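In what follows, a single structure is set out as structure tokens and then discussed.
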Amino acid sequence: MKLRKNFLNILILTLCLLLSTGTVLAQPVTITFWHAMSGSRLGVLESIIDDFNATHPDYEVTPLFTGTYAETLTKYVTAYPSKTGPNIVQVYEVGTQTMIDSGAITPVYEIPGMLGETWDWAQYVIPITNYYSVDGNLWSMPFNSSTAMLYYNKDLFKEAGLDPNKPPTTWKEMEEYGEKFLASGVVDHVYSTGWPDWIFEQALAIHDHLYADNDNGRSGLAKKVVFNDDFGHMIFDTWTRLHNKGIYIFGGTEYDANSAFISGQIAMLIQSTSSLAGIIKASEFEVGTSFYPRFEGYPVGNSIIGGGSLWVTKGQSEEELRGVWEFLKYLGQEDIAIQWHKGTGYFPVSGAALKTLLDEGWFSEDQAYLTAFLQILSGRRDTAASTGVRLGPFVAMREDLVSGLEKALAGELSPKDALDEAAEKMNLKLKDYLELYGQ
Amino acid sequence: MNEDKFPGHNFLPYLLIAPSVAVIFIFLIGPFGQSIYESFFVSTPFGTNTIYVGLRNYIRLFSSPDYLNSVTATFKFAAFVIIIGLSISLAIAQLLNQRIRGVGFYQVALIWTYAISPTIAGVIWASMFSPATGLVPYIISKLSSGYTLNWMTNGQLALFIVAVAATWKMLGYNIIFFLAGLQNVPNEFLEAARIDGASSWKAFWRITFPMLSPTTSFLLFVNILYAFFQVFGLIDIMTRGGPGNATELLVYKLYRDGFIHLNTGSASAQSFVIFFVISVVAIIQLRIVTQKAIYSR
């Protein structure tokens, strides 16, 4: 009995102590941040956050790795109803429409106004902010943005008797180079890609071709996909033909193809620019980079943005929101954007960072880092087709496209039928989405 | 009688089992009921809108070629894992159940696959068969002067490799149980048979195999559950259901639709379908196989 009384006393004392420290010491406001950055990116992100916490004693950003992009989004969705979600969540570009329609977030363009500040959004790189904007207003903070480009192995080009300073610029040249490579016997297969679904989106966008109606879903919810026309069929035809010739080898849906490129098994790779730092570090040959190959004689568009952006949960206290805003501003800061770019290969989001990188000779030291910028800044950006696709059930739709491509490559269906079948499945998903969102 | 065991406390027995019943209701029956309920609706990921659609989720499933493919793939996969897996395990267990030198080493070497996590097993098999850098495609390409073994574009091959990996992964578990079963078969029976002139082949089928039937039926059940439910990790690491849905087994499709595509209605309908299939299999199993098993000597 006495023991229990003692125990109770201790319990009460501890509680008092806990409560009093909260009032006596000004605790930093905790900002939770869920992200999907693994591998070498994680280290760079963590050091940026540590620096933020050290320089901003009022706030404490606590990052939490929540798995892949898809897993992170799922966790966010399930945590939302019970209000156990984070203050900031990183979502991949395919989840953009889901987040816009979620009713769960505060668009970032509203945040400065809510805190009585004004903010110049034009300081960020425009093609990047365009992707995440609705009617010109930025909904999420661009963070890790990338685009797709061509990587090639200069040493293998020399071995095969090709000019290492003349990478292929068109798909016709991809085929010609491919045949030369195979004839030379330097490699068994010539090129592969990561993210085939996204590479397909890129192929449409750089030729200013729409993916879905309603301006790629940017002026209203899309009702159907529009890529299964002659142009789309030609893309699938070309890829299947190159595959059947042994030039193209299918390299999985994400980053599996990188290891084949790094080990010199293939001579070229079409992959996200975010793999650049990793590829340069891991490969023992001279890495060349160039623009995504074009189909000759078709209109010029632009390569589109991929990667992730940061979304802010709705209904936070003003204190928390202020911390979130400080953190978002910090990430866009020149030196931080440069640190992020150098560590990962993702675009620095701020225009000022771009100039500093140029001034300090970063690009002339390794021109490979410049390719992505030139590509994205040299294309047009006044059309929806060149800005990017925004669809509700995009995650599931992309999988339909990949399985369509896989069926075409395996010879299960003709390229045309495979693409048409994929389009049909995707249209059904769009219809369901429209039904749910009442339009 | 219960009243005798707890005189004067009529409700005590119920009180005592209440915690277990509560756990079962909260964690099993409740969610099960909820998922049946949700299978009649479609809803937005964040639950902002929910529409009653009746049986549409089910109709969609059975009219979707992808789902029917998934059913076929699942049964092919399960048949391979169960039939080939159990046969090989029994053969190996029989070999291990002999007096040979270093039998302990062989036993451990063949059993340890069970201790490997599905993730590691998946990574091992995936890198072994990686089209551009894997060892197996390399050897095959050298032996056949240039044939490319690419499971990332060959659905049937992918399903086969995943099934082999899953079988390999379960081998250790099956062997342990078969070995234990074999060691329980009384030697006198086998000796008597041998004296009567039975070949070892005949002795195996007439004596050992029937006496193993409790073990076999237990393993059959465990392997069915394994093939239907527990291969998730292996699939997720190795193929993610690809290429072209070829290895999208039922349980994996459910995961993708529910947790990646955030389509809870369809996923709930799928979970009910799997529940139904497994119940039928379990009932057949319990009715036929277990009744035939010889438990007494």
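Tell me which of these B:Ser141 doesn't satisfy, since it passes every other one: (1) at pLDDT 85 or above; (2) under 30 Å from A:Val186 (Cα atoms).
All conditions are met except number (1).
Pairs only if they're at least six apart or on different chains, beta carbon under 9 angstrom, first in the stretch B:241-253 and touching a residue at least 24 places away in the same chain (Cβ under 8 Å) and under 9 Å from B:Thr74 (Cβ atoms), second buried (at least 23 other Cβ atoms within 10 Å of the Cβ) and acidic (Asp, Glu); list them, first residue then second.
Qualifying pairs under 9 Å: none.
Return the residues of the stretch B:136-155 that are among the hydroxyl-bearing types (Ser, Thr, Tyr) and surrounded by fewer than 19 Cβ atoms within 10 Å (Cβ to Cβ); say none if nothing qualifies.
Initial filter on the stretch B:136-155 (among the hydroxyl-bearing types (Ser, Thr, Tyr)): B:138, B:141, B:144-145, B:147-148, B:153.
Answer for the stretch B:136-155, where residues must be among the hydroxyl-bearing types (Ser, Thr, Tyr) and surrounded by fewer than 19 Cβ atoms within 10 Å (Cβ to Cβ): B:Tyr138, B:Ser141, B:Ser144, B:Ser145, B:Tyr147, B:Thr148.
Restricting to helices (runs of 4 or more DSSP H) lying wholly in the stretch B:1-41: which have 1 or more residues that are touching a Phe, Trp or Tyr at 6+ places or on another chain (Cβ under 7 Å)? Spell out how you get there, then give the answer.
Numbers: elements: B:2-5, B:12-24, B:30-38.
The helices (runs of 4 or more DSSP H) meeting that bar are B:12-24, B:30-38.
Just to confirm my filter: which helices (runs of 4 or more DSSP H) fall fully inside the stretch A:209-267 and include at least 2 residues that are β-branched (Val, Ile, Thr), closer than 15 Å to A:Ala410 by Cα and at the interface with chain B (Cβ under 10 Å from one of its Cβ atoms)?
none
Which condition from (1) more than 21 Å from the chain's Cα centre (by Cα); (2) within 27 Å of A:Lys429 (Cα to Cα); (3) not polar (S, T, N, Q) is the one that A:Ile105 breaks?
Every listed condition holds for A:Ile105 apart from (1).
With (1) of a type outside the set (Val, Ile, Thr); (2) part of a loop (DSSP other than H, G, I, E, B); (3) under 30 Å from A:Ser133 (Cα atoms); (4) out of contact with any strand residue (DSSP E or B) (no Cβ under 7 Å at 6 or more places or on another chain) as the list, and A:Asn165 as the residue in question, which single condition is left unmet?
The single condition A:Asn165 does not satisfy is (3).
Looking only at the stretch B:202-221, decide whether some residue is of a type outside the set (Phe, Trp, Tyr), touching a residue at least 40 places away in the same chain (Cβ under 8 Å) and closer than 18 Å to B:Tyr67 by Cβ.
no
Go through the stretch A:387-404 and count every residue that is β-branched (Val, Ile, Thr), closer than 14 Å to B:Gly244 by Cβ and more than 9 Å from chain B (Cβ to nearest Cβ).
0
Give the stretch B:260-279 a look and list any residue that's free of Cβ contacts under 8 Å to residues at least 12 places away in the same chain, of a type in the set (A, V, I, L, M, F, W, C) and in contact with a helix residue (DSSP H, G or I) (Cβ under 7 Å, 6 or more places away or on another chain), or say none.
Once the filter is applied, which keeps residues that are free of Cβ contacts under 8 Å to residues at least 12 places away in the same chain, of a type in the set (A, V, I, L, M, F, W, C) and in contact with a helix residue (DSSP H, G or I) (Cβ under 7 Å, 6 or more places away or on another chain), the stretch B:260-279 yields only B:Ile260.
If A:Ala277 passes every condition in (1) out of contact with any Phe, Trp or Tyr (no Cβ under 8 Å at 6 or more places or on another chain); (2) within 22 Å of A:Arg294 (Cβ to Cβ); (3) hydrophobic (A, V, I, L, M, F, W, C) but one, which one does it miss?
Looking at each condition in turn, A:Ala277 falls short on (2).
Say whether the condition of being farther than 24 Å from A:Gly67 by Cα, buried (at least 19 other Cβ atoms within 10 Å of the Cβ) and of a type in the set (Lys, Arg) is met by at least one residue in the stretch B:192-209.
no
Which of the helices (runs of 4 or more DSSP H) contained wholly in the stretch B:43-113 include at least 3 residues that are closer than 21 Å to B:Val273 by Cα and within 12 Å of chain A (Cβ to nearest Cβ)? Explain how you work it out, then say what you get.
On the way: elements: B:56-63, B:65-79, B:85-96, B:103-111.
Helices (runs of 4 or more DSSP H) meeting the threshold: B:56-63, B:65-79.
For residues that are closer than 17 Å to A:Trp171 by Cα and of a type in the set (Gly, Ala, Ser), scanning just the stretch A:243-276, find the one that is surrounded by the fewest Cβ atoms within 10 Å (Cβ to Cβ).
So the residue we want is A:Gly246.
Kindly indicate which of A:Ser283, A:Ser290, A:Ser274 is touching a helix residue (DSSP H, G or I) at 6+ places or on another chain (Cβ under 7 Å), closer than 21 Å to A:Tyr92 by Cβ, in contact (Cβ under 8 Å) with a residue 24 or more places away in the chain and not acidic (Asp, Glu). Full working, then the answer.
On the way: A:Ser283 fails: closer than 21 Å to A:Tyr92 by Cβ; A:Ser290 fails: closer than 21 Å to A:Tyr92 by Cβ.
Answer to the selection: A:Ser274.
When the stretch B:227-269 is examined, which residues are found to be at the interface with another protein chain (Cβ under 9 Å from one of its Cβ atoms) and of a type in the set (A, V, I, L, M)?
Those that are at the interface with another protein chain (Cβ under 9 Å from one of its Cβ atoms) and of a type in the set (A, V, I, L, M): B:Ala246, B:Ile260, B:Leu262.
Residues that are at pLDDT 80 or above, exposed (fewer than 15 other Cβ atoms within 10 Å of the Cβ) and more than 24 Å from A:Ser192 (Cα to Cα): does the stretch B:118-135 have at least one?
There is at least one residue in the stretch B:118-135 that is at pLDDT 80 or above, exposed (fewer than 15 other Cβ atoms within 10 Å of the Cβ) and more than 24 Å from A:Ser192 (Cα to Cα).
Residue pairs, Cβ under 9 Å, 6 or more apart or interchain, first in the stretch B:53-71 and more than 16 Å from A:Asp432 (Cβ to Cβ) and of a type in the set (Phe, Trp, Tyr), second at pLDDT 90 or above and surrounded by 12 or more Cβ atoms within 10 Å (Cβ to Cβ). List them.
Going by the 9 Å Cβ cut-off, the qualifying pairs are B:Phe62/B:Leu68; B:Phe62/B:Val273.
Condition (residue is modelled with pLDDT under 90 and among the hydroxyl-bearing types (Ser, Thr, Tyr)) applied to the stretch A:43-54: is it met by at least one residue?
Let us first name the residues in the stretch A:43-54 that are modelled with pLDDT under 90, namely none.
No, the conditions are met nowhere in the stretch A:43-54.
Listed here are the residues, each with its yes/no results for (1) touching a Pro at 6+ places or on another chain (Cβ under 6 Å); (2) away from chain A (no Cβ under 14 Å); (3) basic (Lys, Arg).
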site: B:Tyr138; (1), (2), (3): no, no, no
site: B:Ser145; (1), (2), (3): no, no, no
site: B:Leu149; (1), (2), (3): yes, no, no
site: B:Val185; (1), (2), (3): no, yes, no
site: B:Thr208; (1), (2), (3): no, yes, no
site: B:Ser213; (1), (2), (3): no, yes, no
site: B:Leu225; (1), (2), (3): no, yes, no
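Restricting attention to the stretch A:414-429, does a residue exist that is under 23 Å from the mean Cα position of the chain (by Cα) and within 9 Å of chain B (Cβ to nearest Cβ)?
yes
Which condition breaks for B:Ala158 when tested against (1) surrounded by fewer than 16 Cβ atoms within 10 Å (Cβ to Cβ); (2) assigned to a helix (DSSP H, G or I); (3) within 14 Å of another protein chain (Cβ to nearest Cβ)?
Looking at each condition in turn, B:Ala158 falls short on (1).
Before we move on, is A:Tyr92 within 14 Å of another protein chain (Cβ to nearest Cβ), at pLDDT 90 or above and either surrounded by fewer than 22 Cβ atoms within 10 Å (Cβ to Cβ) or closer than 16 Å to A:Val349 by Cβ (or both)? Steps first, please.
Values: within 14 Å of another protein chain (Cβ to nearest Cβ): yes; at pLDDT 90 or above: yes; either surrounded by fewer than 22 Cβ atoms within 10 Å (Cβ to Cβ) or closer than 16 Å to A:Val349 by Cβ (or both): yes.
Yes, satisfied.
Name the residues in the stretch B:49-81 that are under 11 Å from B:Ala227 (Cα atoms) and crowded, with 19+ Cβ neighbours inside 10 Å, would you? Write out each step before concluding.
First, the residues of the stretch B:49-81 that are under 11 Å from B:Ala227 (Cα atoms): B:74-81.
The answer is B:Thr74, B:Phe77, B:Ala78, B:Val81.
Restricting to the stretch B:114-134, give me the number of residues that are touching a Ser or Thr at 6+ places or on another chain (Cβ under 8 Å) and away from chain A (no Cβ under 14 Å).
Number of matching residues: 1.
Let me confirm something: among A:Leu377, A:Leu434, A:Leu357, A:Leu370, which residue is of a type outside the set (Phe, Trp, Tyr) and within 14 Å of another protein chain (Cβ to nearest Cβ)? I'd like the intermediate steps shown before the answer.
Numbers: A:Leu377 fails: within 14 Å of another protein chain (Cβ to nearest Cβ); A:Leu357 fails: within 14 Å of another protein chain (Cβ to nearest Cβ); A:Leu370 fails: within 14 Å of another protein chain (Cβ to nearest Cβ).
Among A:Leu377, A:Leu434, A:Leu357, A:Leu370, only A:Leu434 is of a type outside the set (Phe, Trp, Tyr) and within 14 Å of another protein chain (Cβ to nearest Cβ).
The values are calculated or read from the model by the stated rules, or taken from the named source; none is laboratory data. Here the structure is a predicted model, which means the values were calculated and not measured. No Cβ is skipped: glycine too gets one built from the backbone with ideal geometry, and neighbour counts run over all protein chains shown.
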